[in-house]
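**Student:** This is the structure, below, for whatever I ask next.
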Amino acid sequence: MNYRARFWVEDYEHDEEARDQVRVAIHYAFARRGIEIPYPIQVEYSRDWAAPDAATLQRERERMVAGVDLFATLTDQQRTGIAQATVTRTFGSGEAIVRQGEPGQSMYVVSSGQVVVLVGPDRREVATIEAGGYFGEMSLLTGEPRSATVVARGETVVLELDVELFRKFGQDSPHAVEQIGLAAAARRAELDRVKIAAQGAAVADAPATFLARMKKFLRLR
């Protein structure tokens, strides 16, 4: 089967730049899904390459999860369980990891690189998140649409945590998830203060209201 990707540019002067951006986006999208582009390839190895050490990768995931303040009240064992369930995603520079207004049920921890947070129709930049930072926790905990667009700046690796992990975690440790929710509500209030000047900025939920929505979404009693 042969596939052809078509795209259009309004100004032909940007044709080569657009071709480059499309090819790079396709490369990263295929790589994230384990799809190999089937064209003739000749590979020459000058030495044996050691496979990544699974234990080292796991320790690095645990270190990243331990640095997330939302998880500060969890035990080491609970954080280890979360780290084991994360999925690694790699994005090229300029790729959108999440888009404002789209549905989402996961959060991300920046493992390497950095991302920029853009809001509104004019994509106004409001924050930069470095390695060790995180975003998307509101969609993870409540299922609400993404409140901002987050774009990779340079090649960026993130750890993704999805809602099914937290639903299972909540069934096993409901109090721990409630503590995470309280921390998320406090962070949301702080972020809203940054965006309050924007027209139509929403007022954050009170912690009790937020926790009620979170428990309903995660199906917790």
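The values are calculated or read from the model by the stated rules, or taken from the named source; none is laboratory data. Small disclaimer: the values here were computed from a predicted structure and weren't measured. Quick reminder, even Gly has a Cβ in these numbers, built from the backbone with ideal geometry, and neighbours come from all protein chains shown.
**Student:** Would you mind finding the one in Glu164, Glu155, Glu144 that is under 27 Å from Arg32 (Cβ atoms), at pLDDT 85 or above and part of a helix (DSSP H, G or I)? Write out each step before concluding.
**Tutor:** Values: Glu155 fails: part of a helix (DSSP H, G or I); Glu144 fails: part of a helix (DSSP H, G or I).
Checking each option against the conditions leaves just Glu164.
**Student:** Moving to a separate point now. Which members of the stretch 113-122 meet the condition of being modelled with pLDDT under 95 and surrounded by 14 or more Cβ atoms within 10 Å (Cβ to Cβ)?
**Tutor:** Correct list: Val117, Leu118, Val119, Gly120.
**Student:** Please name all residue pairs, on different chains or six or more residues apart, with Cβ atoms under 7 Å, provided the first residue is in the stretch 75-86 and is more than 14 Å from Ser173 (Cα to Cα) and the second residue is hydrophobic (A, V, I, L, M, F, W, C) and in a helix (DSSP H, G or I).
**Tutor:** Pairs that qualify, where the first residue is more than 14 Å from Ser173 (Cα to Cα) and the partner is hydrophobic (A, V, I, L, M, F, W, C) and in a helix (DSSP H, G or I), are Ala83/Val65; Ala85/Leu165.
**Student:** Could you go through the stretch 147-157 and let me know if any residue there is over 10 Å from the mean Cα position of the chain (by Cα) and under 21 Å from Ala72 (Cβ atoms).
**Tutor:** no
**Student:** Would you confirm whether any residue within the stretch 39-60 is of a type outside the set (Ser, Thr, Tyr), surrounded by 10 or more Cβ atoms within 10 Å (Cβ to Cβ) and under 21 Å from Glu95 (Cβ atoms)?
**Tutor:** no
**Student:** If you take the residues of the stretch 21-74 that are of a type in the set (S, T, N, Q) and in contact (Cβ under 8 Å) with a residue 24 or more places away in the chain, which of them is nearest to Tyr108 (Cα to Cα)? Walk me through it before giving the result.
**Tutor:** Quick first cut of the stretch 21-74, residues of a type in the set (S, T, N, Q) only: 21, 42, 46, 56, 58, 73.
Those still in the list that are in contact (Cβ under 8 Å) with a residue 24 or more places away in the chain too: 21, 58, 73.
Numbers: Gln21: 24, Gln58: 16, Thr73: 19 Å.
Here the residue is Gln58.
**Student:** Let me ask something else about it. Residues Arg23, Arg33: which one is over 19 Å from Val158 (Cβ atoms) and either more than 19 Å from the chain's Cα centre (by Cα) or surrounded by fewer than 12 Cβ atoms within 10 Å (Cβ to Cβ) (or both)? Reasoning before the result, please.
**Tutor:** On the way: Arg33 fails: over 19 Å from Val158 (Cβ atoms).
One residue alone meets the criteria, Arg23.
**Student:** Does Ala18 meet the test of being part of a helix (DSSP H, G or I), among the hydrophobic types (A, V, I, L, M, F, W, C) and in contact (Cβ under 8 Å) with a residue 24 or more places away in the chain?
**Tutor:** Numbers: part of a helix (DSSP H, G or I): yes; among the hydrophobic types (A, V, I, L, M, F, W, C): yes; in contact (Cβ under 8 Å) with a residue 24 or more places away in the chain: no.
No, not satisfied.
**Student:** If I ask for residues that are in a loop (DSSP other than H, G, I, E, B), closer than 30 Å to Gln179 by Cβ and among the hydroxyl-bearing types (Ser, Thr, Tyr), which ones from the stretch 41-84 would you list? Break it down into steps so the answer makes sense when it comes.
**Tutor:** The first filter runs over the stretch 41-84 and keeps only residues in a loop (DSSP other than H, G, I, E, B), leaving 41-53, 67-68, 72-75.
Then drop every residue that is not closer than 30 Å to Gln179 by Cβ, which leaves 67-68, 72-75.
Once the filter is applied, which keeps residues that are in a loop (DSSP other than H, G, I, E, B), closer than 30 Å to Gln179 by Cβ and among the hydroxyl-bearing types (Ser, Thr, Tyr), the stretch 41-84 yields Thr73, Thr75.
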